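Heads up: the structure comes next, in structure tokens.
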Amino acid sequence: MHVPDGFLSPQITVPAYAVSAPLWAWAARRHFGRASAESLPVIGSLTALAFVVQTIMIPVPGGTSTHLVGMTLLALLYHPLVAFVCESLVLLVQALFFGAGGITVLGVNALAMGLLGPLAGWLVWKALRRLNEKVAVFAAAYVSMQVATLAVAGALGLQHALSARYFPVPLAVVLPATMIPSLTAAGLAEGAFTLFTLSLLRKANLRGVSLD
Amino acid sequence: MASPWTDPRASRALVVGWLAAVFAISALTDLHALAAVAAVALLVFRRGLGRSLRRAARSVVPLSAGLSAISWAFLWAVRGARPDVEPFVALTLRTTIIAFVTFAVLDRANLFRAFEPWPTATRLLVLTLAQIHALRLLATDSLQGLRSRLLRKPRARDVVRSAGGVTAAMFTLSARNAREISEAMRSRGF
């Protein structure tokens, strides 16, 4: 789902870094600050977990596949900013060690998949959890996926508006191409995955893993 | 002869040069400029050329070329007039050059050496990569286990159900394992 290097010009990627950098610093200080000796293993394992979850491919009718993001899980268990830091690290590791995604678009992808999506999911969960917790978790993951996809499509659409010579595909083509698989398959899979994982983590009764 | 990139400063310089280069390439739209940059990149990174080209061709070209071709055909069908091919070719070329340069640099730079002055960053990288390796093995084993238990091909529901269980197990294992690695690294001065 994330944007690869070369699809967005510095007109978008540089401001995205400018927005992301203070947020990374703030999030790292707030959630992984003083006790970094204790929290580093947790960040490392959460990042690795998110990385592996993103390699789990979901078959989509038509012969293609999509993948889970797993960030709503982290946002609900900890905080959207924790999800932002972990997703940024996932994207960095993908770019540096596996040649996936890209370093120039890291800020854009981190904001879309690590911040906007999980934040929207977290807000949905906050709003719905008193009504029905399972529905709230599923809806949070579903909305998170849609918001992240919409943000990615929006960035590509903005690039086309800024320079059609740079990115010649208009939003009218990008939007359905990204949103249809997200609305019909990826969002549902993310919702089901988040719900199953949370219920299993609860049964395992792990220390420090709680929605409350 | 030892590789020059084993020196931390050289590795760091290579990583910084790569960052500047990919941002500069990502600003190009002119086909001639892109062709010139491609020629320079092929010349500079001629050692291991085949490997980097193959990796770029496998990971980036199908996506960018496929997207460009489909979008071009779609726009032609919708507008009734043939769209200009040049921006689509430039998009594919730009993504391919960036991927090639990235793979060529990653083959040469020792990222752990480059990150040496920042022990916290090194520890985080080691922890993350160690966990990724362990968890990928576990995820692959689990997926193969799922396939062997089912007579038919796993459907989306099967994969998601299995992923939920595996994730819970991975979370527990990973947190414990990462803490052990972190303590071992701290005791060694990281």
>> Can you compute 3J(HN,Hα) from phi for each residue in segment B:14-30, using the Karplus curve 6.51 cos²θ - 1.76 cosθ + 1.60 with θ = phi - 60°, rounded to whole Hz and x for Gly and Pro?
In response: 5, 5, 5, x, 4, 4, 5, 5, 5, 5, 5, 5, 5, 8, 7, 10, 6
> Over all residues in B:42-51, what is the mean tally of Cβ atoms on other chains that come within 10 Å of each residue's Cβ?
Replying inline: 0
> Roughly speaking, what is the stretch gain from residue B:158 to residue B:9, that is 0.36 nm per residue apart minus the C-alpha to C-alpha distance, in nm to one decimal?
Replying inline: 48.7 nm
> Calculated FRET efficiency, residue B:31 and residue B:112, Cβ-Cβ r, R0 56 Å, to nearest 0.05?
Replying inline: 0.90
> With each pseudo-label sitting 7 Å past Cα toward Cβ, what's the residue B:184-residue B:74 distance in nm, one decimal?
Replying inline: 4.8 nm
>> To make sure I understand the rule: partners must be lysines, Cα under 28 Å from the Cα of residue A:134, and not fewer than 8 residues away in the same chain. Which ones qualify?
In response: A:126, A:203
>> If R₀ is 60 angstrom, what is the calculated FRET efficiency for the pair residue B:54 and residue A:127, using the beta carbon separation as r and rounding to 0.05?
In response: 0.75
>> Give me the extension gain from residue B:89 to residue B:40: residue separation times 0.36 nm, minus the current Cα-Cα distance, reported in nm with one decimal.
In response: 15.8 nm
> Within segment A:186-203, what residues put their amide N at less than 20 Å from the label point 7 Å along the Cα-to-Cβ vector of residue B:150?
Replying inline: A:186-198, A:200
> Sequence-distant or interchain residues sharing an amide H contact under 5 Å with residue A:67, placed H: which?
Replying inline: A:58
> By what distance, in whole Å, do the Cα atoms of the protein assembly as shown stretch along each of the three principal axes, largest value first?
Replying inline: 61, 58, 46
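Values quoted throughout were computed directly from the atomic coordinates according to the rules given, and no laboratory measurement underlies them. Predicted model only: the values in this text are computed from it and were never measured. Note: ideal-geometry Cβ built from the backbone for every residue, glycine included; neighbour counts use all protein chains shown.
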